[in-house]
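Peer 1: The structure follows.
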2 protein chains.
Amino acid sequence: MAYSYEYPRPALTVDCVVFGVDEGALKILLIERGEDPFKGCWALPGGFVRMDETLDAAAARELKEETNVGKVYLEQLYTFGAPKRDPRGRVVTVAYYGLVNRVEHQPQAATDASAAAWYSAAKLPKLAFDHKEIVSLAIERLRAKVRYAPIGFELLPSKFSLTQLQRLYETVLDRELDKRNFRKKVLGLEILIDTGETEKNVPRRAAQLYRFDRKKYRQLTRDGFNFEI
Amino acid sequence: MAYSYEYPRPALTVDCVVFGVDEGALKILLIERGEDPFKGCWALPGGFVRMDETLDAAAARELKEETNVGKVYLEQLYTFGAPKRDPRGRVVTVAYYGLVNRVEHQPQAATDASAAAWYSAAKLPKLAFDHKEIVSLAIERLRAKVRYAPIGFELLPSKFSLTQLQRLYETVLDRELDKRNFRKKVLGLEILIDTGETEKNVPRRAAQLYRFDRKKYRQLTRDGFNFEI
DNA sequence: CCAAAAGTGTTTCACTTACACCCATGA
DNA sequence: TCATGGGTGTAAGTGAAACACTTTTGG
C-alpha cells in the first residue's frame, strides 16, 4: 500500500465523444464549459472519475449529468495522458465514444456545463484541451468499426428503412453507395427482420421498415460469420 | 485548479503485454513480483506513471526497468479501472501490448521484479491482479491487428524467409495456411524486398530471405491500399 | 540416395461492382 | 399527372480457396 502512495498522482477524468446522425450529417454532442479553464469554450462532456465507480460508469454518469443524454451505447476509445494537456496540472483522461439515435431530442446542460448542443462533425467550433484530437480519433474509430460491426443500428430508430440505413452508412463513411448492391448485401446477411410495417405520412411510396435482429447477429458471429459492409 | 483537487485520485499505472514468437509458439514476457501484493506471483511488467512522462514513455520505461527489454513496438491496448482490481486501493492501469523479435535474449529482472521470463501464451501461470484478463484482450487484439496491419514483421528478425513469415501467421492466428496461396498473397502485396541472400547452414535447400519494405508500405497505405492476410 | 523443406500454376467458386428502369403513393 | 423515392436483376470482373509435384541441398 505504502508503495502506491509514494508518488504524486495524476488526476483522472473521462470524456465522451457522442455521435448522432441527423439529416444526413454526422453530429457530435458538445457542452459549453461553465468553469475555468476554458470557460465559455466548447468541449466534450466529461469529468472526474470517482473512487468507487468503474470507468464505464463514470463516462455514462458524466454524460448524463452534463447533457441529460442517457441510454447511450458507450465504448472505451483511448487514454490520453500528455503531461501538459490540461493547464491545471497533470490530468489523464480516458476517452469514450458513444452512439445515440435520438438527435432530435435537445440535450439539456447541467452541472459545470452552461450549454449542451449537437454540432456537425464537419464544422466543429474550437474545442478545449486536446479534445479536437480526441474527436479525430473517435471519428476514425467509428469509420473503421461501422464496417465490420453492426454498430450503425445504434444510430437509427429501432424501425428503419433500408434507405435510412444506407444514408447512415454514406454519412459515416462519407461516400456514396450503390442502392441495389447495398440492399443485396444487407438483406443477404439475414440480420434484419421485416416488421411488415411501412413508413407513414410520406408523400411517395412508403418504404418497408426493418428491425435489427440482435439475437440472430450474436448467433451468427459465434459461428464465425463476418459482418462487413 | 481547485476543482481538480477536490476529489481523491486513483493511482495510475501502466502494464505491458509483450509478445514474442519462438519455435512456433506465442510467448509472453512476465515478471515475478518481488513485492507485495502478490509477492512471488507472476505478473505483467508495469508500474506507476510519473507526473512528467507520457503514458507511452511510462510503459517503455517500466518494461525496460523490470525486464531490460527495450526497443519494443508498443501500442496502447485498453485502460482497466475496476474499483477492486488492486487490493491496495483504487489503481487504474493503462495496458499496452508490444512485439519483440528477440525471444532468444534472456530478459533480466530488475527493480521490483525478482525474475523475468518468457511464458508460452497457451500455458501461462496464475497471474496477479486482473492480468489474465489483460492478456486475453491483448491476444484478441493481436489476432485482429495482424490481419490488417503488417505488425507481424515486428516479431521476426529483419531478414526472414517466407516460410518463417507463414509460421508466424499460423502461430498468431492459430490455424494452418496454404503455402502457395500465402506466398502468392504476400508477394503480390509488393511490400517485401528480396535481399538476394539465402539461409545459411541448413540441411536442405536454403530459402530466399526477404526484408519488409516500410517505406513502400507507408506509401501504399497513403494511396488507400489495404493490407490483409 | 535420402530426408526435409523450397518453390511453383491452374481451376473453381463466391463475392463485388457496375448499371437502368418500372412502380406506388400523395399532392 | 407529376414528382419523389421504393424496389428490383444480370453480367463481368476480381480475389479466395483448393490442390500435388519437382527441385535443391546437406548429411
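The values are calculated or read from the model by the stated rules, or taken from the named source; none is laboratory data. If you're wondering where the values come from, they're calculated on a predicted model, not measured in any experiment. Heads up, the Cβs are rebuilt from the backbone with ideal geometry, glycines too, and the neighbour counts pull from every protein chain shown.
Peer 1: Is it the case that the stretch B:10-28 has a residue that's at pLDDT 95 or above, among the small types (Gly, Ala, Ser) and touching a Cys at 6+ places or on another chain (Cβ under 9 Å)? Before you say what the answer is, go through the steps one by one.
Peer 2: Going through the stretch B:10-28, the residues at pLDDT 95 or above turn out to be B:10-20, B:26-28.
Of the ones still in play, those that are also among the small types (Gly, Ala, Ser) are B:11, B:20.
Cutting the leftovers down to touching a Cys at 6+ places or on another chain (Cβ under 9 Å) gives us none.
No, every residue in the stretch B:10-28 fails to be at pLDDT 95 or above, among the small types (Gly, Ala, Ser) and touching a Cys at 6+ places or on another chain (Cβ under 9 Å).
Peer 1: Residues A:Asp174, A:Asp112: which one is within 14 Å of chain B (Cβ to nearest Cβ), more than 16 Å from DNA strand C (Cβ to nearest atom) and not aliphatic (A, V, I, L, M)? Show your work before the answer.
Peer 2: On the way: A:Asp174 fails: more than 16 Å from DNA strand C (Cβ to nearest atom).
Matching residue, one of A:Asp174, A:Asp112: A:Asp112.
Peer 1: Another question, then. Against the definition (under 16 Å from B:Tyr148 (Cβ atoms) and more than 9 Å from DNA strand D (Cβ to nearest atom)), how does B:Leu189 come out, yes or no? Show your work before the answer.
Peer 2: Numbers: under 16 Å from B:Tyr148 (Cβ atoms): yes; more than 9 Å from DNA strand D (Cβ to nearest atom): yes.
Against the criterion (under 16 Å from B:Tyr148 (Cβ atoms) and more than 9 Å from DNA strand D (Cβ to nearest atom)), B:Leu189 qualifies.
Peer 1: Here are B:Glu197, B:Glu176: which of them is out of contact with any Lys or Arg (no Cβ under 7 Å at 6 or more places or on another chain), within 13 Å of DNA strand D (Cβ to nearest atom) and over 13 Å from B:Leu165 (Cβ atoms)?
Peer 2: B:Glu176
Peer 1: Looking only at residues in the stretch B:197-214 that are free of Cβ contacts under 8 Å to residues at least 12 places away in the same chain and more than 8 Å from DNA strand C (Cβ to nearest atom), which one is nearest to the other protein chains (Cβ to nearest Cβ)? First the steps, then the outcome.
Peer 2: Restricting attention to the stretch B:197-214, the residues satisfying the condition of being free of Cβ contacts under 8 Å to residues at least 12 places away in the same chain are B:198, B:200-206, B:214.
Among the residues that remain, those that are also more than 8 Å from DNA strand C (Cβ to nearest atom) are: B:200-201, B:214.
Values: B:Lys200: 41, B:Asn201: 42, B:Arg214: 21 Å.
Restricting to residues being free of Cβ contacts under 8 Å to residues at least 12 places away in the same chain and more than 8 Å from DNA strand C (Cβ to nearest atom), the top hit is B:Arg214.
Peer 1: Scan the stretch B:100-121 for residues that are at pLDDT below 95 and either in a helix (DSSP H, G or I) or of a type in the set (A, V, I, L, M, F, W, C) (or both) and jot them down.
Peer 2: B:Val103, B:Ala109, B:Ala110, B:Ala113
Peer 1: Which residue out of B:Ile134, B:Ile193, B:Ile229, B:Ile151 is outside any helix (DSSP H, G or I) and either touching a residue at least 24 places away in the same chain (Cβ under 8 Å) or in contact with a Gly (Cβ under 9 Å, 6 or more places away or on another chain) (or both)? Quick ask: steps written out before the conclusion?
Peer 2: Numbers: B:Ile134 fails: outside any helix (DSSP H, G or I); B:Ile193 fails: either touching a residue at least 24 places away in the same chain (Cβ under 8 Å) or in contact with a Gly (Cβ under 9 Å, 6 or more places away or on another chain) (or both); B:Ile151 fails: outside any helix (DSSP H, G or I).
Residue meeting the stated conditions: B:Ile229.
Peer 1: Which of the residues spanning the stretch A:140-151 are away from chain B (no Cβ under 14 Å) and within 16 Å of DNA strand C (Cβ to nearest atom)? Give the steps one after another, and end with the answer.
Peer 2: Let us first name the residues in the stretch A:140-151 that are away from chain B (no Cβ under 14 Å), namely A:142, A:146, A:150-151.
Within the stretch A:140-151, A:Val146, A:Pro150 qualify.
Peer 1: Could you check the stretch A:7-76 for strands (runs of 3 or more DSSP E) lying wholly inside it with 2 or more residues that are under 14 Å from the mean Cα position of the chain (by Cα) and not assigned by TED's automatic domain parsing to the domain that holds A:Leu168? If you could, list the steps in order and put the result at the bottom.
Peer 2: Values: elements: A:11-22, A:25-33, A:46-48.
Filter on the stretch A:7-76 gives A:11-22, A:25-33.
Peer 1: Considering B:Gly46, B:Gly40, which residue is touching an Asp or Glu at 6+ places or on another chain (Cβ under 7 Å), of a type in the set (Gly, Ala, Ser) and crowded, with 16+ Cβ neighbours inside 10 Å? Spell out how you get there, then give the answer.
Peer 2: Details: B:Gly40 fails: crowded, with 16+ Cβ neighbours inside 10 Å.
Unique residue meeting the criteria: B:Gly46.
Peer 1: In addition: Please enumerate the residues belonging to the stretch B:87-101 that are more than 7 Å from chain A (Cβ to nearest Cβ) and either out of contact with any strand residue (DSSP E or B) (no Cβ under 9 Å at 6 or more places or on another chain) or of a type in the set (A, V, I, L, M) (or both). Break it down stepwise before answering.
Peer 2: Filtering the stretch B:87-101 down to residues more than 7 Å from chain A (Cβ to nearest Cβ) leaves B:87, B:93, B:95-101.
The answer is B:Pro87, B:Ala95, B:Leu99, B:Val100.
Peer 1: If you check B:Arg85, B:Arg167, which single one turns out to be among the basic types (Lys, Arg) and assigned by TED's automatic domain parsing to the domain that holds B:Glu199?
Peer 2: Testing whether each residue is among the basic types (Lys, Arg) and assigned by TED's automatic domain parsing to the domain that holds B:Glu199 leaves just B:Arg167.
Peer 1: If you don't mind, another one. Test A:Glu75 against the stated conditions and say whether it is acidic (Asp, Glu), on the phi < 0 side of the Ramachandran plot and touching an Asp or Glu at 6+ places or on another chain (Cβ under 8 Å).
Peer 2: On the way: acidic (Asp, Glu): yes; on the phi < 0 side of the Ramachandran plot: yes; touching an Asp or Glu at 6+ places or on another chain (Cβ under 8 Å): no.
Taking the combined requirement at face value, the residue does not satisfy it.
Peer 1: State the number of residues belonging to the stretch B:200-226 that are part of a loop (DSSP other than H, G, I, E, B), in contact with a strand residue (DSSP E or B) (Cβ under 6 Å, 6 or more places away or on another chain) and either β-branched (Val, Ile, Thr) or more than 9 Å from DNA strand D (Cβ to nearest atom) (or both).
Peer 2: In the first step, residues of the stretch B:200-226 are kept if they are part of a loop (DSSP other than H, G, I, E, B); the result is B:200-207, B:213, B:223-226.
Pick out the ones that are also in contact with a strand residue (DSSP E or B) (Cβ under 6 Å, 6 or more places away or on another chain) and you get B:206, B:213.
Of the ones still in play, those that are also either β-branched (Val, Ile, Thr) or more than 9 Å from DNA strand D (Cβ to nearest atom) (or both) are B:213.
Of the residues in the stretch B:200-226, 1 are part of a loop (DSSP other than H, G, I, E, B), in contact with a strand residue (DSSP E or B) (Cβ under 6 Å, 6 or more places away or on another chain) and either β-branched (Val, Ile, Thr) or more than 9 Å from DNA strand D (Cβ to nearest atom) (or both).
Peer 1: Among the residues in the stretch B:30-43, are any in contact (Cβ under 8 Å) with a residue 24 or more places away in the chain, closer than 28 Å to A:Ala11 by Cα and at the interface with chain A (Cβ under 8 Å from one of its Cβ atoms)?
Peer 2: Yes, that holds for at least one residue.
Peer 1: Taking the options A:Glu75, A:Glu66, name whichever one is closer than 24 Å to A:Ala121 by Cβ and surrounded by fewer than 23 Cβ atoms within 10 Å (Cβ to Cβ). Give the steps one after another, and end with the answer.
Peer 2: Details: A:Glu66 fails: surrounded by fewer than 23 Cβ atoms within 10 Å (Cβ to Cβ).
After applying the criteria, what remains is A:Glu75.
Peer 1: Being buried (at least 16 other Cβ atoms within 10 Å of the Cβ), outside any strand (DSSP E or B), more than 12 Å from DNA strand D (Cβ to nearest atom) and within 19 Å of the chain's Cα centre (by Cα) narrows it down to one of B:Arg143, B:Arg167, so name that one.
Peer 2: Numbers: B:Arg143 fails: buried (at least 16 other Cβ atoms within 10 Å of the Cβ).
Testing whether each residue is buried (at least 16 other Cβ atoms within 10 Å of the Cβ), outside any strand (DSSP E or B), more than 12 Å from DNA strand D (Cβ to nearest atom) and within 19 Å of the chain's Cα centre (by Cα) leaves just B:Arg167.
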